[in-house]
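The values are calculated or read from the model by the stated rules, or taken from the named source; none is laboratory data. Note that this is a predicted model, so its numbers are computed, not measured. We place every Cβ from the backbone using ideal geometry, glycine too, and count neighbours over all the protein chains shown. Ligands, DNA and RNA are excluded from the accessible area calculation, which covers all protein heavy atoms including side chains. Shrake-Rupley method; radii C 1.70, N 1.55, O 1.52, S 1.80 Å.
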Amino acid sequence: MKELQINEEIRDREIRLISEAGEQLGVVPCKEAQKMAEEKELDLVKISPNAKPPVCKIMDYGKYKYELAKKEKEAKKKQKIISIKEIRLTPNIEENDLQTKAKKANGFLKDEDKVKVSVRFRGRELGNTAAGREVLERFAELTSENGVIDKKPKLEGRNMVMFLSPKSS
């Protein structure tokens with residue numbers, strides 16, 4: 001948030017003034033506006049510096065900053081951060097190992113995280129990419145109750161990658 005000019009920092013000769021209640025008081029000299037703010041024990045804040053003449057408002061600046069910070073904090077609370085968890089497999093993985101990894105992926109999907117499932121091909125395994133595709137399809141089957149395939153299995157270099165996203169309830 002950019003800092004606003006307040007009280008003596010405002011150097012303009014004339015300003016358009018808005019009272020603390022929100023009503024327009026018209027174009028007044030800056031010194032007069034500062035006196036009015038001082039009498040009410042409030043601050044004169046330049047809210048629109050680019051307007052001709054600049055717009056200033058009489059308000060409690062500390063309270064205003066506090067309210068803004070509060071709104072920002074509230075907005076952050078409502079944000080959902082999606083993280084991507086990765087699970088690595090091999091083309092010749094055993095059934096029990098596959099089920100264990102699927103159970104872990106189901107846990108991630110229940111926590112509303114996306115899962116990146118990759119099969120790493122080493123050496124001659126690269127000649128039989130169909131086995132890796134079968135492993136990924138079997139994995140998607142095992143996690144189908146909690147997740148859906150976001151991106152189908154695709155070969156990228158030595159890895160075949162698939163993305164799963166949580167099922168929307």
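Key figures
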quantity: Count of the range 157-169 residues which are under 32 Å from the mean Cα position of the chain (by Cα) and touching a residue at least 12 places away in the same chain (Cβ under 8 Å); calculated: 9
quantity: Qualifying residue in the range 30-43 (condition: touching a helix residue (DSSP H, G or I) at 6+ places or on another chain (Cβ under 6 Å), open to solvent by less than 80 Å² (accessible area, probe 1.4 Å) and over 30 Å from Lys167 (Cβ atoms)); calculated: yes
quantity: Residue list for the range 66-88, filter: part of a helix (DSSP H, G or I), of a type in the set (Asp, Glu) and surrounded by 10 or more Cβ atoms within 10 Å (Cβ to Cβ); calculated: Glu67, Glu72
quantity: Output for the range 113-156, where each listed residue is open to solvent by less than 60 Å² (accessible area, probe 1.4 Å) and either among the hydroxyl-bearing types (Ser, Thr, Tyr) or without any contact (Cβ under 8 Å) to a residue 40 or more places away in the chain (or both); calculated: Ser118, Phe121, Gly123, Glu125, Thr129, Ala130, Ala140, Thr143, Ser144, Pro153
quantity: Considering residues of the range 1-24 that are assigned to a strand (DSSP E or B) and open to solvent by less than 70 Å² (accessible area, probe 1.4 Å) only, the residue nearest to Asp60 (Cα to Cα); calculated: Ile6
quantity: Filter result for Lys52 (within 30 Å of Val27 (Cβ to Cβ), in a strand (DSSP E or B) and charged (D, E, K, R)); calculated: no
quantity: Test: residue in the range 94-103 that is at pLDDT 90 or above, open to solvent by 100 Å² or more (accessible area, probe 1.4 Å) and assigned to a strand (DSSP E or B); calculated: no
quantity: Positions within the range 104-141 being assigned to a helix (DSSP H, G or I) and among the charged types (D, E, K, R), in sequence order; calculated: Lys104, Lys110, Arg124, Glu125, Arg133, Glu134, Glu137, Arg138, Glu141
quantity: Selection from the range 143-155 of residues that are over 28 Å from the mean Cα position of the chain (by Cα) and either within 14 Å of Ile87 (Cα to Cα) or at pLDDT below 90 (or both); calculated: none
quantity: Residue selected from the range 25-49 under the condition of a type in the set (Gly, Ala, Ser) and assigned to a strand (DSSP E or B), by the criterion nearest to Tyr64 (Cα to Cα); calculated: Ser48
